[in-house]
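Here's the structure, in structure tokens; my notes come after.
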């Protein structure tokens, strides 16, 4: 079991409010990703759940029990740190087994569990190596091994893949997701990378300035962003925002259209006219950065190759069904 | 450096010219250092083979290894060798055993931490002669010393430190001087301990004591090695503290090798025997260094 509930959780360091009241329900076995820009409080929120920081107000319930005053080790959670925080002088076996040893388990049981965890993570050949003799991806797996061996109620990941190179990151992303599904353990995962969030999460929590902006499944966030911040943060390339005349026609202060929902017409007279400033040809996609005069810079995405180049005139026609409308304060307008 | 002394293969002309330039620019400094070392060493070796007494000038004559035989069979030699080893060993043990808790305390955030650190480091800046005088006359004096006063407060008989436990008194003084050094090195090491490692240990359920034993202490292995190696070099030659407080006595109880050599040369005016003793001390220092590097030097390998 690993159901985690936050009720009005607050955290301030002196006069600075980092978390301004967070309410959240994390279902048992789900994979929840905290995402947001630097300094939005996502790591602080994770550390509050872990117990490495004390809350300034509110409750944290794990399986219905308030754990605000429980020390970290007693909360039954385990954490994978950004720097992995492996113990450098211990072998892989020692690292993975340390928590069990501290819990006072008999030696042969520790060995059995460590070897099982190592087998799950393909670490068996490296059990007697020191962390410095391992590659980045292997160290990452040891850190994960240390987390799973204790059979916690939930895993906490603090940007665990940010130190890996791009190819390895994609591979580890898949491994972590697969492992979590296989174990069925609740996981909370902090990242600033919205691609990681979209691909790994069952549910995403978008944080900004210490507040939860929206909580929902990846596609919910993509299709129905609650406000301008979420709309701009989720999706790559970023959503185009247009104010002024086109927005007023839709009875909104701002309208947003994702780059993939703009139809590109070579010599069209309708839609939004502009000149291509930069064209990126990836083969699978074509990204156009279009200077649309009073509307500003617009980004358009075309699936496949499109033979257009910088300087060409195009018109961009938004898909009317996929226009997002926002009011003056940035909240989404529905209907 | 290795490449400088042992050029591996034929280098391009430009590289060779640069190397030649580097060597010619280095040579004055290297040469000066070389002469600085080699002249006293050569003179010492030369004197050690002479019968050379300052009380009997003009009688210098070549005596071969006689001075070494005299120095090594002197009963004072074994006693002073033992004193040297006891002194070095005790001070090393005390500075590390006291330095670790002190460093842990100074690593805690407290008000006025910088001032406390400055105060703790202060003894290191006091000259050995001065600190020995302070300890001898203000603290350990059996009549007017602070310790005697404290003892009398509790109705105890004051300890006459330099008569009853002379070597221990010297060890205390030297420990007081070297404790700041050990503390400082260990403190900087503690500050470089990754915060996330401690947090990981906390998540793993390690108590403060377990964290210290399994995380902090292994992390300190390397700085402890550094402290042992550096302190040993200096502790083998402790002199001022002994000279000022006990003068090597009572009897030979606080005479170490350095003090024995001094007494040969400047109390008995026997330059030949003192030179032989000096060379013996060099050999002993090398033997100690050899074993130390064998035992603890492993920790220095990355």
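When the scattering of chain A is computed by the Debye formula from its Cα atoms alone, each counted once and equally, what is log10 I(q)/I(0) at q = 0.12, 0.15 Å⁻¹? These q points yield log10 I(q)/I(0) values of -0.90, -1.17. Per residue of peptide A:96-102, the mean number of Cβ atoms on other chains within 10 Å of the residue Cβ is 4. Classify the stretch A:171-309: rounded, prolate or oblate, from the alpha-carbon gyration tensor (a ≥ b ≥ c, eigenvalue square roots; a/c under 1.5 rounded; otherwise prolate if a/b is larger than b/c)? Here the stretch A:171-309 falls in the oblate category.
Among the residues of B:217-228, the average count of other protein chain beta-carbon atoms within 10 Å of the residue beta-carbon is 1. Distance between the C-alpha centres of the stretch B:194-218 and the stretch B:224-302: 39 Å, rounded to the whole angstrom. Computed over chain A, the per-residue total of -39500 (n - 2.57) for DSSP H runs of n ≥ 4 gives a 222 nm mean residue ellipticity of -8000 deg cm²/dmol, rounded to 500.
Cβ-Cβ distance of residue B:42 and residue A:107, R₀ of 56 Å, FRET efficiency by 1/(1 + (r/R0)^6): the value works out to about 0.35. Between residue B:143 and residue A:132, the distance separating the two model label sites (each 7 Å from Cα on the Cα→Cβ line) works out to 5.9 nm. Taking square-rooted eigenvalues a ≥ b ≥ c of the alpha carbon gyration tensor, is the stretch A:74-168 rounded, prolate or oblate, where a/c under 1.5 means rounded and, failing that, a/b exceeding b/c means prolate? Taking the square roots of the gyration eigenvalues as a ≥ b ≥ c, the stretch A:74-168 is oblate.
With both labels modelled 7 Å from their Cα along Cα-to-Cβ, the residue B:25 to residue B:66 distance reads 5.3 nm.
When each of the peptides B:197-205, A:57-65, A:310-318 is scored by the mean number of other C-beta atoms lying within 10 Å of its residues, the order from highest to lowest reads B:197-205, A:310-318, A:57-65.
Using the empirical formula 2.2 N^0.38 Å as the baseline, the Cα radius of gyration of the stretch B:216-266 reaches a ratio of 1.57.
Taking a ≥ b ≥ c as the square roots of the eigenvalues of the Cα gyration tensor of chain B, is the shape rounded (a/c under 1.5), prolate (a/b larger than b/c) or oblate? Since a/c reaches 1.5 but b/c is at least a/b, the shape of chain B is classed as oblate.
Using a cutoff of 8 angstrom between alpha carbon atoms and counting only pairs six or more residues apart, the relative contact order for chain B works out to 27 percent. FRET efficiency for the pair residue A:273 and residue A:303, taken as 1/(1 + (r/R0)^6) with r the Cβ-Cβ distance and R0 = 22 Å, rounds to 0.45. Taking 0.692 mPa s as the viscosity and 37 °C as the temperature, the Stokes-Einstein diffusion coefficient of the stretch A:161-253 based on its alpha-carbon Kirkwood radius rounds to 218 µm²/s. For peptide B:192-198, the mean count of partner chain Cβ atoms within 10 Å of a residue's Cβ comes to 4. Once the Cα gyration tensor of the protein assembly as shown is diagonalised, what are the square roots of 5 times its eigenvalues, in whole Å and ordered largest first, as equivalent ellipsoid semi-axes? After diagonalising the Cα gyration tensor, the semi-axes are 71, 33, 24 Å. A full extension of the chain between residue A:151 and residue A:61 corresponds to an added length of 30.5 nm, given 0.36 nm per residue minus the alpha carbon distance.
For residue B:213 and residue B:268, the difference between the fully extended length at 0.36 nm per residue and the C-alpha to C-alpha distance is 14.6 nm.
Over all orientations, the stretch A:237-333 has a Cα convex hull whose mean projected area works out to 5.9 square nanometres. Just report the Cα centroid separation between the stretch A:189-252 and the stretch A:85-122, whole Å. Cα centroid of the stretch A:189-252 versus Cα centroid of the stretch A:85-122: 40 Å apart.
Each value in this text was obtained by applying a stated rule to the coordinates, not by laboratory testing. Model, not experiment: these values are computed from the prediction. Glycine gets a Cβ as well: all are built from the backbone with ideal geometry, and neighbour counts include every protein chain shown.
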